[in-house]
Amino acid sequence: MNFKSIDQLNIQGKRVFIRVDFNVPMDESGTITDDTRIQASLPTIQYALKQGAKIILASHLGRPKGKPESRYGLGPVARKLGELLKKEVKMAPDCIGPEVEKMTAAMVPGDVILLENLRFHKEEEKNDPPFAQNLARLAEVYINDAFAVSHRAHASVEAITRLFPEPAAGFLMKEELLYLNQVMEDPARPLVAIIGGAKVSGKLEVLKNLILRVDKMIIGGGMAFTFLKSKGVSVGKSLVEDELIDTAREVLTIAEKRGVKVYLPVDCVVADKMEPSAQIQIVAVEKIPSERMGLDIGPDTIALFSQALQGARTILWNGPMGVFEMEPFSRGTLAMVRHIVSSGAVSVVGGGDTDLAIHQSGGSQKISYISTAGGAFLELLEGKKLPGVEALKK
Ligand code: AMP
């Protein structure tokens, strides 16, 4: 990899600014409902502690629109992190300013401070150089361990890197890039992509880029119906983006020219409404009743998709096969987790909902790599360069 990582720097006794992604879900009482992202940052923080560094953590939480809002305060995260590290994590009143500078100047090796939400300042999302300077002033070393925000040119991710001689990656960032770059640049083949989720429009660039790189592509979820309609199938009330039917056809033509086999659903679970209590029925895709919508893949499709995975050496997955949040439409997605795990292939999964589905199925231990990122994961699949990663290469 053409950037440095934390273990290649001397951080002993130094103030180390670590950009982490602590954008965790919380309920109304401020209880963290899923601490995966905090857990994922622990290897870097624990390493820095062992090296005798003074650790300054910075993150955003939610979308506070550039000014303080108590519900987006990082206090609950500091408490949770303290529990996980079994040591005190001091909460700073802000992320910049004289008071924070005083706190960081008084740190001793082994101290951990969490700065308040970066997005309480609108300058963060504007990649504002003076704001980056105020952040940089707090530390002697800069580490980015927030792969999930690296697709954003924000001050704590991009502008700040210019103010340190050797900006470097944390272990989470390094691991994410290692897996994702390998899948995109040099995968063990055959490489099979499974793409699902709601709409073609959300993943158009992903589909167009991946069709040039994969050996097989499986398309499920709501977006499959636009592809089916492009082949002349009547899909009833299923989710269809009529304006993208031509594009779907183009993707299929490119696949054909490249000799990439595309697998579409052959049957589906249909209902008259998207509700857990809806009456369901399993039908072949050619027989979807005009008043019903397809909300999950059916058993024949599961069998077909599982066959397509046989012999795969790498599987890349983004997007559920159906409305997995509702029990009657979750079977296809959960079955795919089982088939991916039993295929023995290197499996890389990411992009928001997919990891949720995997945790729900209890299969998370057996997937080779589950990315913590949503948008950044998708942009990498689109073939885009991520500003936060490019900044580390300079
Ligand atoms: P995405 O963010 O594009 O990956 O989409 C995820 C969402 O797609 C989930 O909330 C699913 O409920 C939804 N979804 C999956 N399959 C279907 C379908 N057949 N019809 C409507 N929505 C679907």
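Based on the Cβ-Cβ distance from Ser201 to Ser290, what FRET efficiency comes out when R0 is 35 Å, to the nearest 0.05? Could the numbers behind the result be given before it?
Details: r = 24 Å, r/R0 = 0.68.
Step by step, r from the Cβ atoms, then E = 0.90.
Need one number for segment 77-221: average projected area of the convex hull over its C-alpha atoms, nm².
Numbers: hull surface 47.5 nm².
With every direction weighted equally, the projected area is 11.9 nm².
Put in order of Cβ neighbour count within 10 Å, fewest first, the listed residues Lys102, Lys216, Lys87 become Lys102, Lys87, Lys216.
Summarising the label geometry, the points placed 7 Å from Cα in the beta-carbon direction at Tyr47 and Ile280 lie 4.3 nm from one another.
Hey, what did the chain get for relative contact order, percent, Cα under 8 Å, at least 6 apart?
The value is 16 percent.
If we sort 74-81, 246-253 on the protection proxy, mean other Cβ atoms within 10 Å, highest first, what's the order?
Values: 74-81: 20.6, 246-253: 17.0.
Sorting 74-81, 246-253 by mean packing, highest first, produces 74-81, 246-253.
In the chain, the calculated helix contribution to ellipticity at 222 nm averages -10000 deg cm²/dmol per residue, counting -39,500 (n - 2.57) for every DSSP H run with n ≥ 4.
Normalised by the number of residues in segment 350-394, the average gap of Cα pairs under 8 Å and 6 or more apart makes the relative contact order 40 percent. Cross-link partners of Lys122 among lysines, defined as those whose alpha carbon lies under 22 angstrom from its own and excluding same-chain residues fewer than eight positions apart: Lys65, Lys67.
Computed over neighbours whose Cβ is under 10 Å from that of Glu125, the net charge equals +3, Lys and Arg +1, Asp and Glu -1. Each of Asn209, Ser156, Leu180 was placed along the dipole of segment 115-224 (beta-carbon charges, centred on the mean Cα), and the one lying farthest toward the positive end is Asn209. Spatially, segment 307-348 and segment 157-203 are offset by 20 Å when compared through their Cα centroids. Take the Cβ atoms of Asp27 and Ala153, set R0 to 35 Å, and the FRET efficiency comes out at 0.65.
Once the chain from Leu356 to Ala303 is taken as fully extended at 0.36 nm per residue, the excess over their C-alpha distance is 16.8 nm. Computed over the chain with a Gaussian network model linking Cα atoms closer than 10 Å, the most mobile of Leu84, Leu135, Leu204 is Leu84.
Under a Cβ-Cβ cut-off of 9 Å, what is the net charge of the residues other than Leu356 that fall near it, where Lys and Arg count +1 and Asp and Glu count -1? If you can, show how the numbers build up before the last one.
On the way: positive: none; negative: Asp34, Glu325, Asp353, Asp355.
Cβ neighbours under 9 Å give a net charge of -4.
Just to be sure I understand the curve: with the Debye formula and one point per C-alpha of segment 151-216, what is log10 I(q)/I(0) at q = 0.18, 0.21 Å⁻¹? Each listed q corresponds, in turn, to -0.89, -0.98. In this label model, Glu185 and Lys87 are separated by 3.4 nm, measuring between points 7 Å along each Cα→Cβ vector.
For segment 187-381, evaluate the Debye formula with one uniform point scatterer on each Cα (no solvent term) and list log10 I(q)/I(0) at q = 0.15 Å⁻¹, rounded to two decimals. Each listed q maps to, in turn, -0.83.
Here, P(r) means the percent of Cα pairs in each 10 Å bin from 0 to the largest distance; for the chain it is 5, 22, 28, 22, 15, 7, 1, 0.
Taking 19 Å as the limit for the C-alpha separation, the pairs Lys126/Lys203; Lys54/Lys102; Lys216/Lys366 exceed it in the case of Lys126/Lys203; Lys216/Lys366. For segment 123-128, backbone phi angles converted through the Karplus equation (6.51, -1.76, 1.60; θ = phi - 60°) give residue-by-residue couplings of 5, 4, 6, 8, 6, 6 Hz, Gly and Pro being listed as x.
For Lys287, list the lysines whose Cα falls under 19 Å from its own Cα; do not include residues on the same chain fewer than 8 positions away. Partners found: Lys229, Lys231, Lys237, Lys273. If you take all other residues with their beta carbon under 11 Å from the beta carbon of Glu88, and give Lys and Arg +1 and Asp and Glu -1, the sum is +2.
With both partners inside the chain, how many of the DSSP beta bridges are antiparallel, as a percent to the nearest 5? List each step's numbers first, then the result.
On the way: 10 of 45 bridges.
That works out to approximately 20 percent antiparallel.
Can you pull a Stokes-Einstein diffusion coefficient for segment 91-141 at 10 °C (1.306 mPa s), Rh from Kirkwood over Cα pairs, as a whole number of µm²/s?
Details: Rh = 11.4 Å.
For the chosen part, D equals 139 µm²/s.
Available extension along the chain between Gln39 and Phe164 is 42.3 nm, counting 0.36 nm per residue and deducting the alpha carbon span.
Every number in this text was worked out from the coordinates using simple rules, so none of it is lab data. Predicted model, so just to flag it, every value in this text is computed and none were measured. Backbone-built Cβ (ideal geometry, glycine too); neighbour counts: all protein chains shown.
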